There are 4 protein chains.
Amino acid sequence: MELLEKYLLTRKASEQLCAPLAIEDYVPQPAEFVSPPKWNLGHTTWFFEEIVLSRCIKNYKTYHPKFSYIFNSYYQALGERAKRAQRGDLSRPTVEEVYSYRKYVDDHICQLLTDTELDEETESLLEIGINHEQQHQELFYTDLKYTFSLNPLIPVYAEKAYCEDIALGDSSFLDFDAGLYEVGYKGTGFAYDNESPRHRVHLNAYNIASKLVTNQEYLEFVESGGYENSSYWHDEAWTWLTTNTITAPVYWQKQGEKWYQYTLAGLRELQSDAPCTHVSYFEAYAFAQWRGMRLPTEFEWEVAADMINWGQRWEWTESAYLPYPGYTKFDGALGEYNGKFMVNQKVLRGSSVVTPKGHERKTYRNFFHPHMPYQFNGIRLAK
Amino acid sequence: MELLEKYLLTRKASEQLCAPLAIEDYVPQPAEFVSPPKWNLGHTTWFFEEIVLSRCIKNYKTYHPKFSYIFNSYYQALGERAKRAQRGDLSRPTVEEVYSYRKYVDDHICQLLTDTELDEETESLLEIGINHEQQHQELFYTDLKYTFSLNPLIPVYAEKAYCEDIALGDSSFLDFDAGLYEVGYKGTGFAYDNESPRHRVHLNAYNIASKLVTNQEYLEFVESGGYENSSYWHDEAWTWLTTNTITAPVYWQKQGEKWYQYTLAGLRELQSDAPCTHVSYFEAYAFAQWRGMRLPTEFEWEVAADMINWGQRWEWTESAYLPYPGYTKFDGALGEYNGKFMVNQKVLRGSSVVTPKGHERKTYRNFFHPHMPYQFNGIRLAK
Amino acid sequence: MELLEKYLLTRKASEQLCAPLAIEDYVPQPAEFVSPPKWNLGHTTWFFEEIVLSRCIKNYKTYHPKFSYIFNSYYQALGERAKRAQRGDLSRPTVEEVYSYRKYVDDHICQLLTDTELDEETESLLEIGINHEQQHQELFYTDLKYTFSLNPLIPVYAEKAYCEDIALGDSSFLDFDAGLYEVGYKGTGFAYDNESPRHRVHLNAYNIASKLVTNQEYLEFVESGGYENSSYWHDEAWTWLTTNTITAPVYWQKQGEKWYQYTLAGLRELQSDAPCTHVSYFEAYAFAQWRGMRLPTEFEWEVAADMINWGQRWEWTESAYLPYPGYTKFDGALGEYNGKFMVNQKVLRGSSVVTPKGHERKTYRNFFHPHMPYQFNGIRLAK
Amino acid sequence: MELLEKYLLTRKASEQLCAPLAIEDYVPQPAEFVSPPKWNLGHTTWFFEEIVLSRCIKNYKTYHPKFSYIFNSYYQALGERAKRAQRGDLSRPTVEEVYSYRKYVDDHICQLLTDTELDEETESLLEIGINHEQQHQELFYTDLKYTFSLNPLIPVYAEKAYCEDIALGDSSFLDFDAGLYEVGYKGTGFAYDNESPRHRVHLNAYNIASKLVTNQEYLEFVESGGYENSSYWHDEAWTWLTTNTITAPVYWQKQGEKWYQYTLAGLRELQSDAPCTHVSYFEAYAFAQWRGMRLPTEFEWEVAADMINWGQRWEWTESAYLPYPGYTKFDGALGEYNGKFMVNQKVLRGSSVVTPKGHERKTYRNFFHPHMPYQFNGIRLAK
């Protein structure tokens, strides 16, 4: 696919995701980790303006002098920015203005790609911008789900958003031998800096499940008192769980004798054979302990990736998010894209039902803090 | 004026205030004390539904079963309600739905007043509901001002909102003799429970300023180091000021050598001869200390009310908000309207440029915590 | 009594209070409002050094250059000081050093009073210092009680500390007529600045109880669900109560069917006919509401003082702590003694079983925040 | 050495560390991570009582029924315990009582070891108890140093505690080849569960410094603006640094032109050629970034351990604290010793000047949160 076509499809996809929204839905930010849809649309646009247009077009005039302040997420090198927790406090720019902003930037990108022979660096920056916007498409789902889940009116994003409920078949354990393996990105397409360099690791022999843990399996953990027994949990997990009175996965609730989960299609009865979703690493680890097993490391996962079924849920691994041997950051401000987060986070592998098609990759390293359950995360066991 | 006419005019006025807003402006709540415009419109409507319609109309069907949960402010007796700090997290109901809700309730009130001979109690409840909505009209201005003031785009509510900048003439001190005075509401019109019973107080001889303190006078306090000298301030005020790094009134800012203040017409140069606005009691007290004077008590103010110029700013008094001797709360759930707030708050007297016409009264007792500067508050000196 | 004798008796009394302590008991500060005994002993000594010795003795050499930093409580005018919350973090100076400090200052005061004819101002400062130390003697009891109450070993301060358990006889209501009364300090002895000027107040006719509320009466409130019914409580009280899960007075606990209270003589069964103790203003107010009565104002109390039985518990009044008309602060740094606390606090009148003899006065105005139950506070009803 | 002898020497060593203390020094806990000396002495004693005496002696009578509540640190399986942050609030038991407690337990252990042929499990538990007490000996130093450092009197623990100031010679880089290495504990002596199983890892070729970073080197980082340039720091580090206004290592301070550091011998001028001490992982990482290098992984360190100079400072590694492949926890309550902390922490290798002799081991894995600088931590560079 041509770069311009890819660009335009990605940009269009972000807007299509917003089609079912009311104007009011673009605004709230009920927790610091949530970005309002309006902010997501503006931020991804600012990203292209900042890393491509401002550098490639001589005397480029930004759409609005304050938008960099409003839509910069965390790039220290790119100047002052609004506090993250206050994104939901800003009613302006309006949604309409944000769409104008998108059009303005899209027009300039189109013109740039039409008029100019792009050098390799600019192409690479555009690729990053496209991948960056895809990541925010996934975040759009997870953030909106969180916001809607708090609303007493239980809003429905889309009646057909049943993608969460794909039944799994039976699982078995696959065996892998001890030995030296190569891991990390190999190829000529796009990959993030954190997937390189490709390098050797030694793995002990291991077994890894062919399928994800189901709601039914996780429910047994819940109902057998798993959330009341500290022996399954990390010390920090136990503090998190008791401080926040957590007794089940975040979107689960019991009404009478039945369990329900909040989904983007509303509150629905828990599907026994669907993959368990929206658990934190703390919960994934505790579940594995309860089963007398463990989570795979990210390298065990990567080595097994071709033989297992993946893509429904991001899969927590036991691996901490750390640089590969010889890791080099992206150049310039994009050096802040991944490297500065390599502490206190856990790696997730795979992808999820809300990951944009084509964005997934078996060397992809997603990462979140161990207490965060808001992505479409699941559990795969190893031993 | 007929009660129905008064009702309809008041209801209409609330909606007219919102005319300049974008849909997005109805949503954010950047601080716990702020209510989003959407919530204000819904809450005042719920108030009529709850205290009038549900009681007067047999088998009255509420507009929506969850709206009581969403729009109840603080009435414990009226059931569970959403957390105050989370009003801005709710994108639903949409603005359009809230207007439908208003129409539904207005239609029922009209029908009730047309079809029925109201008893005295219902009339009285309607009066309270109308006064309640007027209070929220004033809160609309103060809350929106706060929200807009945080926005880097510096939104303008209305270009003509220069009402804040009314110049004051020269001030002088009026003398009052020591003696017994009567204070509290007397008459047959509407008044809140906290203005009664009318009772006697003994006042020492006192002097009270004929005009409010101006921006120029307050600026002298600021520039003479008033915010750096603890001797003018209460102990709690000093903690508040140092913890929050407060160095001037909340909406003031200095750019180069000039002082500006954020107004509903945007950021404007400070008008020297306009009344000082948006100070907390802590600031009003410290200013008076610096001038070697004091604030009047609420009874000194009330006794002098006919001879001074008032109505531009709510005026902080030295009086704590306490019940009058023999105070009796409103009946039922409305007993929570005033009485339960009679601790840790200071009385403000008068009214302000954003108080709805006809809502002001010389026995009126407004009240806020001493650190809150967000109303259109000013300072009158006494000695 | 001679001033020197009074000084020495007061100083000795502070040390006698500490006789039952282990060295370790002088150190901890389990809450910000608590002062460790060691700090109390040092602070009262610093007070004399700072306000008397440093001013009256030429070239006075302070005992230690850092002690002013460590033992200054809240006097901004007297320089930098350690953070209040960190008093319990300091193991040094040792208890022995603090006693040496006391001796050093006492020796200088003795010499000063022996060698010099004191001027009136110095006499007055000494009087304040003595009264100040008496206040800290009372705080010693209340702070130690709090600290010990948290200890799982339930320490006993003194087996004979049963002073808390004085039985009350029957109570009746005394009638007072409406009229003008004079209140405030009159006389030539010592009084704090906040008790003056004497001035007139008008009171409506009122009734006031001859005795304090007993444990038995308060227990009925507790057991009838008083802590679960928001209608008796201020809005801030309800937040305080629910946030902190408060279900009874602070030192009460139920074991099986019986109620106990922690006392300085250990955990003891609740004495039905003893005065209820250690309630906050919030609780006193709620109790009065439940009984369909109210608390007296401080002036109603003062007018009635000669005819009621007082001195067992500090008595919460309905009055906010505010300056009297024409109030003038003490001069200099002592201007911070009282005036800067005149916001957000309630007046307590009377005195308690742990108030040093001779320190009580019927015009005395004690004051605490409405949520603080740690003094030996009780309840007197009015209507 | 016989087990009994080792036991007695270890127990005695803990008490000798306390010889320079005043009674008051045993009490304060200025931060949650600090344990008061009194608590350390009691906790290590409780550990032996709980894991050895209560299990090996039939009808063993504990010294005091509440001591388990007071001295249990974090063992959920061993029952309720006092809140960690409140250890400094407890003046009782007194220091004297704690020493009696130690004697009581020592006597019983002696008798047990004299009278009985110990089985292997009991011997192993005693070994753990001895190693556990040694760990607390090191914590004694780090906690006391923190507490004393906050005291305006700048207490001296021991004039001769200059152990911190050992000069380093020149450093060079040692080369290691890529390849498969074995890491983890091998042998028959005592080792913690987290050092096993021994297993293979593949390392890329690397260079590691022969010596630790000196104060002089770190000072250059500080003075070149290292703490003001976000590009060297992790995102969480930058938040930590700006929130806490951190501008140099925790015990450093500048007076005029000179740098000082607080040591257990008091405030002393910074020694240029001594190893840099008391840096957090965040600081160690930022320093390495500034130098264009990195920290070693724990396995790079272990492989190099025989060829480098170690033992002056604990050395931060880039490795997260995770279980080794096939890791098995200790049995029973001791399963909580290490495993439950394997998240969000970084591994430190080596040992420090305050590590008890004989406690160090080249496979030893110490671990702390990345923001914690309070151990005697230093930096070794790799590339």
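Could you tally the net charge around A:TYR74, taking each other residue with its Cβ under 10 Å from the Cβ of A:TYR74, Lys/Arg +1 and Asp/Glu -1? Let's see the in-between values first.
Working: positive: A:ARG81, A:ARG84, A:LYS340; negative: A:GLU336, D:ASP235.
For residues surrounding A:TYR74, the net value is +1.
Quantify how much of the Cα-Cα distance distribution of the range A:231-383 extends past 20 Å, in percent. Numbers along the way, then the final one.
Values: 6306 of 11628 pairs.
Percent of Cα pairs beyond 20 Å in the range A:231-383: 54.
Name the most mobile residue of C:SER73, C:SER14, C:SER230, meaning the one with the largest mean-square fluctuation, in a Gaussian network model of chain C with Cα contacts below 10 Å.
The residue with the greatest mean-square fluctuation here is C:SER230.
Search the structure for amide H atoms under 5 Å from the amide H of D:GLY266, placed 1.01 Å from N in the peptide plane, and list their residues when 5 or more places away or on another chain.
D:TYR157
How large is ³J(HN,Hα) for each residue in the range B:246-253, as worked out from phi by the Karplus curve 6.51 cos²θ - 1.76 cosθ + 1.60 (θ = phi - 60°), to whole Hz, x for Gly and Pro?
Along the range B:246-253, the couplings run 8, 10, 5, x, 4, 9, 8, 8 Hz.
What share of Cα pairs, in percent, lie more than 51 angstrom apart in the protein assembly as shown? Kindly include the intermediate steps, with their values, before the conclusion.
Working: 503188 of 1172746 pairs.
The calculated P(r) of the protein assembly as shown puts 43 percent of pairs beyond 51 Å.
Going by accessible area, probe 1.4 Å, with all protein chains left in place, what is the ranking of D:ILE154, B:ILE70, largest first?
On the way: D:ILE154 70, B:ILE70 10 Å².
Sorted by accessible area, descending: D:ILE154, B:ILE70.
Please work out how much accessible surface B:PHE367 shows to a 1.4 Å probe, ignoring ligands, DNA and RNA, in Å² rounded to 10.
40 Å²
Which one of A:LEU270, A:GLN255, A:LEU322 is farthest out on the positive end of the charge dipole of the range A:238-379, using unit charges on Cβ (Lys, Arg +1; Asp, Glu -1) and the Cα centre as origin?
It is A:GLN255.
Determine the dipole magnitude for the protein assembly as shown: charges of +1 sit on the beta-carbon of Lys and Arg, -1 on that of Asp and Glu, nothing else is charged, the reference point is the Cα centre, and the result goes in debye to the nearest 20. Please report the intermediate quantities before stating the final value.
On the way: 148 positive and 208 negative charges, 1 e Å.
Magnitude of the dipole: close to 0 debye.
Search the structure for amide H atoms under 5 Å from the amide H of B:PHE368, placed 1.01 Å from N in the peptide plane, and list their residues when 5 or more places away or on another chain.
B:LYS346, B:LEU348
Excluding ligands, DNA and RNA, what is the accessible area buried between chains A and D, summed over both sides, using a 1.4 Å probe, to the nearest 100 Å²? Don't jump to the answer; show the numbers that get you there.
Values: alone 17780 and 17810 Å², together 33050 Å².
That pair of chains buries around 2500 Å² in total.
Compare D:GLU300, A:GLU2 by solvent-accessible area with a 1.4 Å probe and give them largest first, with all protein chains kept in place.
Ranking D:GLU300, A:GLU2 by accessible area, largest first, yields A:GLU2, D:GLU300.
If I build a Gaussian network model for chain D, linking alpha-carbon pairs within less than 10 angstrom, which residue out of D:MET372, D:MET307, D:MET342 has the largest mean-square fluctuation?
Residue with maximal mean-square fluctuation among D:MET372, D:MET307, D:MET342: D:MET307.
Are there any residues in the range C:310-328 with a reduction of at least 50 Å² in accessible surface when going from the isolated chain to the assembly of protein chains? Probe 1.4 Å, please list them by number.
Buried on complex formation: C:LEU322.
Under a 5 Å amide H to amide H cut-off, with H placed in plane at 1.01 Å, what residues pair with C:LEU174 once short-range neighbours are removed?
Result for C:LEU174 returns C:ILE208, C:ALA209, C:SER210.
At 1.4 Å probe size, with the rest of the protein present, what percent of the exposed accessible area of the range B:173-378 is carbon and sulfur atoms?
Numbers: 3550 of 7520 Å².
Here it works out to 47 percent.
Using the 7 Å Cα-to-Cβ label point, sort the distances from A:THR243 to its equivalents in the other copies shortest first and give them in nm to one decimal.
Copy-to-copy label distances at A:THR243, shortest first: 1.0, 1.8, 2.0 nm.
Using a simple charge model, +1 on the beta-carbon of Lys and Arg, -1 on the beta-carbon of Asp and Glu, nothing else, what dipole does the range C:173-378 show about its Cα centre, in debye to the nearest 20? List each step's numbers first, then the result.
Details: 18 positive and 24 negative charges, 98 e Å.
Result for the range C:173-378 is approximately 480 debye, rounded to the nearest 20.
Could you give me the ³J(HN,Hα) list for the range A:113-127, computed from phi with Karplus coefficients 6.51, -1.76, 1.60 and θ = phi - 60°, whole Hz, x at Gly and Pro?
So the J values, rounded to whole Hz, are 6, 7, 7, 10, 7, 6, 7, 4, 5, 5, 4, 5, 5, 5, 4.
Relative to the other copies, what are the label-point distances for A:LEU118, with labels 7 Å from Cα along the C-beta vector, expressed in nm at one decimal and sorted shortest first?
When each copy's label point is compared with this one, the spacings are 6.8, 7.0, 8.8 nm.
Which whole-Hz ³J(HN,Hα) couplings does the range B:166-180 yield from phi under the Karplus relation 6.51 cos²θ - 1.76 cosθ + 1.60, θ = phi - 60°, glycine and proline marked x?
Per residue, the Karplus-derived 3J(HN,Hα) values read 7, 5, 9, x, 5, 10, 9, 9, 9, 9, 10, 7, 5, x, 8 Hz.
Rounded to the nearest 20 debye, what is the charge dipole size of chain B about its Cα centre when +1 sits on each Lys and Arg Cβ and -1 on each Asp and Glu Cβ? Don't skip to the answer; put the middle values down first.
Values: 37 positive and 52 negative charges, 103 e Å.
Computed about the Cα centre, the dipole is about 500 debye.
When ligands, DNA and RNA are left out and all protein chains stay put, how many square angstrom of accessible area per residue does the protein assembly as shown have with a 1.4 Å probe? Working shown, then result.
Values: 61250 Å² over 1532 residues.
Value returned for the protein assembly as shown: 40 Å² of accessible area per residue.
What residue of chain D sits with its beta carbon nearest the rotation axis taking D to A, and at what distance in whole Å?
Closest Cβ on chain D to the axis mapping it onto A, in Å: D:ALA320, 2.
How long are the three semi-axes of the equivalent ellipsoid for chain D, computed from the Cα gyration tensor as the root of 5 times each eigenvalue, in whole Å, largest first? Show your work: numbers first, answer last.
Numbers: eigenvalues 254, 142, 65 Å².
Each semi-axis is √(5λ); the values are 36, 27, 18 Å.
Go ahead and collect, in residue order, the members of the range C:97-120 whose backbone nitrogen is under 18 Å from a label point 7 Å along the Cα-Cβ direction of C:THR328.
The answer is C:120, whose backbone nitrogens lie closer than 18 Å to the label point.
I'd like the distance separating the alpha-carbon centroids of the range D:311-383 and the range C:89-138, in whole Å.
About 52 Å separates the Cα centre of the range D:311-383 from the one of the range C:89-138.
Given Cα positions, please report Rg to Rh for the range D:80-237, the hydrodynamic radius being the Kirkwood one. Intermediate values should be presented prior to the final figure.
Working: Rg = 23.3 Å, Rh = 22.2 Å.
So for the range D:80-237, dividing Rg by the Kirkwood Rh gives 1.05.
Among A:PHE287, A:PHE330, A:PHE47, which one shows the biggest mean-square fluctuation in a GNM of chain A, springs joining Cα atoms closer than 10 Å?
The residue that fluctuates most here is A:PHE330.
Within the set of other residues whose C-beta is less than 15 Å from the C-beta of A:ASP273, count the net charge using Lys and Arg as +1 and Asp and Glu as -1. Don't skip to the end; give the middle numbers.
On the way: positive: A:LYS211, A:ARG268, A:ARG313; negative: A:GLU164, A:ASP165, A:ASP170, A:GLU217, A:GLU220, A:GLU269.
Summing Lys/Arg as +1 and Asp/Glu as -1 gives -3.
Convert 10 °C to kelvin, take the viscosity as 1.306 mPa s, use the Kirkwood radius over C-alpha pairs of the range A:3-149 as Rh, and evaluate the Stokes-Einstein diffusion coefficient in µm²/s, rounded to a whole number. Each step should come with its number before you reach the end.
Values: Rh = 15.6 Å.
Result for D is 102 µm²/s.
State the answer as a single residue: which of B:CYS56, B:LEU118, B:PRO28 lies farthest towards the positive end of the charge dipole of the range B:16-171, with beta carbon charges of +1 for Lys and Arg and -1 for Asp and Glu, about the Cα centre.
Positive-end residue among those listed: B:PRO28.
With an 8 Å Cα cut-off and a minimum separation of 6 or more residues, compute the relative contact order for the range D:61-186 in percent. Don't skip to the answer; put the middle values down first.
Values: 22 pairs, mean separation 13.7, N = 126.
Value for the range D:61-186: 11 percent.
For D:ASP177, what accessible surface area do you get with a 1.4 Å probe? Give it in Å², rounded to 10.
Number for this one is 110 Å².
For label points placed 7 Å from Cα toward Cβ, what is the shortest-first list of nm distances from C:SER210 to its copies?
Result, one decimal in nm: 5.7, 9.2, 9.6.
The values are calculated or read from the model by the stated rules, or taken from the named source; none is laboratory data. Remember, it's a predicted structure, so these values are computed and weren't measured experimentally. As a convention, Cβ positions derive from the backbone with ideal geometry for all residues, glycine included, and neighbour counts pool all protein chains shown. What goes into the accessible areas is simple: the full protein's heavy atoms, side chains included, and nothing from ligands, DNA or RNA. Shrake-Rupley method; radii C 1.70, N 1.55, O 1.52, S 1.80 Å.
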